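Worksheet: one structure, shown below.
The values are calculated or read from the model by the stated rules, or taken from the named source; none is laboratory data. Since we're looking at a predicted model, the values are computed, not measured. Here the Cβ is made from the backbone with ideal geometry for all residues, glycine too, and neighbour counts use every protein chain on show.
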Amino acid sequence: MITKAKEHRRSQHEKLREGKGKLEMIHFLEEAGSFGSGRMFARAVIPPGSSIGEHPHNGEFELYYMLDGTAQVTDNGVPGVLETGDVMICKDGDRHSIENKSDKDIEILFLILYVKQ
């Protein structure tokens, strides 16, 4: 199966998960097309000053892959920094957040998969 760039759904989010500012996502794979494996594979552009607030993952886990830039993150309340090429995994039952405190947009891939029982 091939999907063309113009077919990917774009979504705009403001104060996502009680975060700050706005961000845009381009969805490559959504729940309906994941064959029961997950609910999202997307690229996000997060402008300076914007964030995704701290939130949990239950019955699923999420992977962040930094495409470009530097982001401030929390991993179960512990602060950290992600730079281009870094990966962060939020396991089932864990909490995390991400914020752009830099002066340029950051780009990140998000992958959310279900935990197999």
Every listed condition ((1) at pLDDT 95 or above; (2) surrounded by 10 or more Cβ atoms within 10 Å (Cβ to Cβ)) holds for Ser34 save (1)
The listed residue being surrounded by 13 or more Cβ atoms within 10 Å (Cβ to Cβ), acidic (Asp, Glu) and in contact with a strand residue (DSSP E or B) (Cβ under 9 Å, 6 or more places away or on another chain), out of Glu83, Glu18, Glu14, Glu107 | Glu107
